[in-house]
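Working notes for the structure below.
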Amino acid sequence: MSEERKSVLIASLGMGPGVITSAVDALRKELGENFSLEKVVTLSTIGRDIAYKDPRSGEVIPEGFTNILIKEFEQNYRDGIEYIYICIDYSDMDYPKACDQFLATACQQIDKYHNDDYDVYVSLAGGRKSMAGILSVAAQFYGAKMLFHVAITNERERQVIEEHGSDLNYILRNRDRILHPSSAKLVKLPFLNLRALTRKITADLRQYGNIDVNTRSTLEVLEIDIDDVVMSIRDLNRVQETLDKSYIME
């Protein structure tokens, strides 16, 4: 019998906590009893109904939707899924620095859990469209077991979530209708897992300032533009090197 691998879900979070719990439920339903999920990590902006930063201590205090998820994972997932929420320093994704910080944080988290020997699942279902785009880039360069969206396939359930999924009071009174719709299904997205290539080119750039001849030959055979690849990975490394402290609450 094969040993169960550790798994982590990394997901964008906006003003609807149901996308996180629906992703967990849909993963478990599709992957079956051998699927073991140890951690859920949400990435979000900071602001109303998510979290705020105490001006005196600098501590990030959870609010609203984050508190709902904290309680849900503590009380209703009895098999001990650890919930970790991470907020970037910005209240919206309208600024280039906010996008850079979100990208760097996503790459950092995906890479960290790969290095800790987790299977990494990435959900794009929550938050802004820009968050989904950035997470998909991070998943391709740093690798994932699965990249997916979550669809609510029952029309009535979908309508209730569209109308009330961001209403804190409604969620508190109707937890299962928003957090655990029975028709939640995974929509798996195709992507290229470039983790090995990213790691090799990053190591070459740090050691030699350029890519070595074997890597260059491989890219040439595949007819991949070497300059574009090197520039993209340099940009990823630059963004991560300038990453300010992310607020990780465990």
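Principal axis extents of the Cα atoms in the stretch 20-92, from largest to smallest and rounded to whole angstrom, are 46, 23, 16. Computed over the Cα atoms of the stretch 110-205, the ratio of the radius of gyration to the Kirkwood radius (Rg/Rh) comes to 1.11. For the stretch 63-111, the equivalent ellipsoid derived from the Cα gyration tensor has semi-axes of 27, 14, 5 Å, listed largest first. If the Kirkwood radius is taken over C-alpha pairs of the chain, then at 10 °C and 1.306 mPa s the Stokes-Einstein diffusion coefficient equals 83 µm²/s. Backbone phi angles across the stretch 210-215, fed through the Karplus curve with coefficients 6.51, -1.76 and 1.60 (θ = phi - 60°), yield HN-Hα couplings of 7, 8, 6, 5, 5, 5 Hz in residue order; Gly and Pro are listed as x. Here the spin labels are modelled as points 7 Å beyond Cα on the Cα-Cβ line, and at Ala203 and Thr218 they lie 1.0 nm apart.
Neighbour counts of C-beta atoms inside 10 Å place Glu72, Glu33 in the sequence Glu33, Glu72, starting with the fewest. Along the stretch 104-116 the Karplus relation, 6.51 cos²θ - 1.76 cosθ + 1.60 evaluated at θ = phi - 60°, assigns HN-Hα couplings of 4, 5, 4, 4, 4, 5, 4, 5, 4, 6, 4, 5, 8 Hz to successive residues, with x for each Gly and Pro.
For the stretch 195-239, how big is the tail of P(r) above 12 Å, as a whole percent of Cα pairs?
Details: 576 of 990 pairs.
Of all Cα-Cα distances in the stretch 195-239, 58 percent exceed 12 Å.
Partners of Lys129 within straight-line reach, counting lysines whose Cα lies under 28 Å from its Cα and excluding those fewer than 8 residues away in the same chain: Lys29, Lys39, Lys53, Lys71, Lys97, Lys112, Lys145, Lys185, Lys188, Lys245.
Scalar couplings 3J(HN,Hα) for the stretch 228-236, obtained by applying the Karplus form with A = 6.51, B = -1.76, C = 1.60 to θ = phi - 60°, are 5, 5, 4, 5, 5, 6, 4, 5, 4 Hz; x denotes Gly and Pro. Fewest neighbouring Cβ atoms within 10 Å first, the residues Arg175, Arg78 line up as Arg78, Arg175. Here the simple spin-label model places points 7 Å from the Cα toward Cβ, and for Ser36 and Asn174 these points are separated by 3.8 nm.
Coordinate-derived values only; no laboratory data. Remember, it's a predicted structure, so these values are computed and weren't measured experimentally. Don't worry about glycine lacking a Cβ; one is built from the backbone with ideal geometry, like all the others, and counts go over all protein chains shown.
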